[in-house]
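To start, the structure itself, in structure tokens.
The values are calculated or read from the model by the stated rules, or taken from the named source; none is laboratory data. Only a predicted model underlies this, so the values are computations on that prediction, with no experimental measurement involved. For neighbour counting, all protein chains shown are included, and Cβ atoms are generated from backbone atoms with ideal geometry for every residue, glycine included.
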Amino acid sequence: MKVLVIFCKRFSYLPASKTLIDIEDVKAGKTFSDCILAFIQVEEEDELKELSGREKKLVNHLKWTARKNNTNTVVLHSFAHLSDSKASVDYTISLFNLAQMRLQNGGYTTEQTPFGYFLDLNIEAPGFSLARIWASL
């Protein structure tokens, strides 16, 4: 799994085009302030490992990043451009849902961008060292 986390003073998205037929239709976008935006690529090799273990590793990384940036808001964004390897849609959605639940149970405000869409993104990110963190988990 590859993760690029960006601390955003402001982040917003609008659905641009749907890429998966079986995904629910989403028309509206959202805006977030002072959040961690996590670009996550779940890879094929992740499916060979226990789902709960992958979820725990991801959540621990996101919590650490959120603490370093003094925020409790985390936005999960599926981004299949950090690696050539891609996990299945079902596995990825399951991982995201479990991670969101664990973060929320830990007191974090957590949402996901619409899965299966290309999105118009607006990112306002400050330029300090821990505002951008890449990891291979």
Taking F7, is it touching a Leu at 6+ places or on another chain (Cβ under 6 Å) and not basic (K, R)?
-> no
Just need a number here: residues in the range 119-137 that are in a loop (DSSP other than H, G, I, E, B) and either surrounded by 14 or more Cβ atoms within 10 Å (Cβ to Cβ) or among the charged types (D, E, K, R) (or both).
-> 2
Within the range 1-24, track down each residue that is of a type in the set (S, T, N, Q) and either buried (at least 21 other Cβ atoms within 10 Å of the Cβ) or part of a loop (DSSP other than H, G, I, E, B) (or both).
-> T19
Would you be able to tell me the number of residues in the range 25-69 that are touching a residue at least 24 places away in the same chain (Cβ under 8 Å), polar (S, T, N, Q) and outside any strand (DSSP E or B)?
-> 3
Counting just the residues of the range 44-81 that are at pLDDT below 95 and within 17 Å of G116 (Cβ to Cβ), which one comes out surrounded by the most Cβ atoms within 10 Å (Cβ to Cβ)?
-> S78
Restricting attention to the range 92-118, and to residues there that are modelled with pLDDT of 95 or more and in a strand (DSSP E or B), which single residue is surrounded by the most Cβ atoms within 10 Å (Cβ to Cβ)?
-> T110
